Amino acid sequence: MKRIDWLLVPPARDDSDDIATLMVEISRIVEQASESPLSADDLERLTNLEQLYATASVSPCEATGAPQVHDDPDWESRVIDEFADTDTGLELEQYLKLRRTEPDCERCPYASPYSLFPNEPCEFSAGLLAALGKPSVAAAVEVAMAPREMEALATVLEASLSDAEGWPPYRGVDVDDYIRQAVFFLRSWAQRGFSIRAEKLDELSEPIAVVDGDGADARVLH
């Protein structure tokens, strides 16, 4: 089965923000880095572009009003237990202060239960859709989708749940639940103006190579 992740492409915060151009430039630098080491100036430019992109776009947490850790009445107990199992140089009070206003992905209703390692709750691992043998669906899984295409695919998947043929079983996966979650992912994000970029992880480029100040190569994963 191919490893295909649906990555969210956020909408611009303002109509005047050209985040598409920012993404093209970010992608250009990343592609360049896969071929030769980035200079310190190029790395700084990449960092600045990514910060601009984050500022100019609406994050998934903002779009959904995702809960923060401190919204849970038992948050302190949870985080203390988490701290005990975390390898960190922070003191407990520092860790509590850091975590209290972070997104609470465990309690967010929009977090995807079908996201493979590394677990990104705002992504969906769509490779199974391509492996289940429905050509009309498989063709749509591996391409970028705007909200309109996401809604259309969600409708097709939803209708397929009541098909006489149904979906074939797959290695212990609850396929019907998987399809329902794919429908929810597509529809809920499309309604908020998000698009999807399909990333095939077996086609990823090499890690970004950066020339450090001493002229030696350092590796930075992207």
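Segment 171-186 and segment 115-164 have their alpha-carbon centroids 9 Å apart. For segment 1-64, the gyration tensor built on C-alpha atoms gives an oblate shape. Its axis ratio a/c (a ≥ b ≥ c) is at least 1.5, and a/b is not larger than b/c. Of the residues Cys61, Val79, Tyr95, the one whose Cα sits farthest toward the positive end of the charge dipole of segment 1-106, with +1 on the Cβ of Lys and Arg and -1 on the Cβ of Asp and Glu, is Cys61.
Remark on Leu38: its backbone amide H falls under 5 Å from those of Ala209, Val210, Val211, a criterion applied only to residues 5 or more positions apart or on other chains, H modelled at 1.01 Å from N.
Placing +1 on the Cβ of every Lys and Arg and -1 on the Cβ of every Asp and Glu, with no other charges, gives segment 157-199 a dipole of roughly 300 debye about its Cα centre. Distance between the modelled labels on Val173 and Glu91, one decimal in nanometres: 4.8 nm (7 Å Cα→Cβ projection). Taking Phe194, Phe83 and ordering them by how much accessible surface each has at a 1.4 Å probe, largest first, produces Phe83, Phe194.
Taking all protein chains as shown and a probe of 1.4 angstrom, Asp41 keeps an accessible surface of around 110 Å². Count the net charge of all other residues whose Cβ sits under 11 Å from the Cβ of Arg180, scoring Lys and Arg as +1 and Asp and Glu as -1. Residues near Arg180 contribute -3 overall.
Here the Debye sum runs over all C-alpha atoms of segment 1-129 as equal scatterers in vacuum, and log10 of I(q)/I(0) at q = 0.15, 0.20 Å⁻¹ comes out as -1.02, -1.19. Annotation: amide H of Ser195 within the under-5 Å range of Val9, sequence separation 5 or more or interchain, hydrogens built in the peptide plane.
As a rough guide to protection, the peptides 149-156, 127-134 ranked by mean Cβ packing within 10 Å, highest first, stand as 127-134, 149-156.
Once all protein chains are placed together, Ser162 keeps about 100 Å² accessible to a 1.4 angstrom probe. In terms of its C-alpha gyration tensor, segment 91-130 comes out prolate, because a/c is 1.5 or above and the ratio a/b outweighs b/c. The overall shape of segment 30-80, judged from the alpha-carbon gyration tensor, is prolate: a/c is not under 1.5, and a/b is greater than b/c.
The values are calculated or read from the model by the stated rules, or taken from the named source; none is laboratory data. Treat the numbers as computed from the prediction; the structure is a model and nothing was measured. Positions of Cβ are backbone-derived with ideal geometry, glycine not excepted, and every protein chain shown enters the neighbour counts. Heads up: the accessible areas ignore ligands, DNA and RNA and are worked out on the full protein's heavy atoms, side chains in. Shrake-Rupley method; radii C 1.70, N 1.55, O 1.52, S 1.80 Å.
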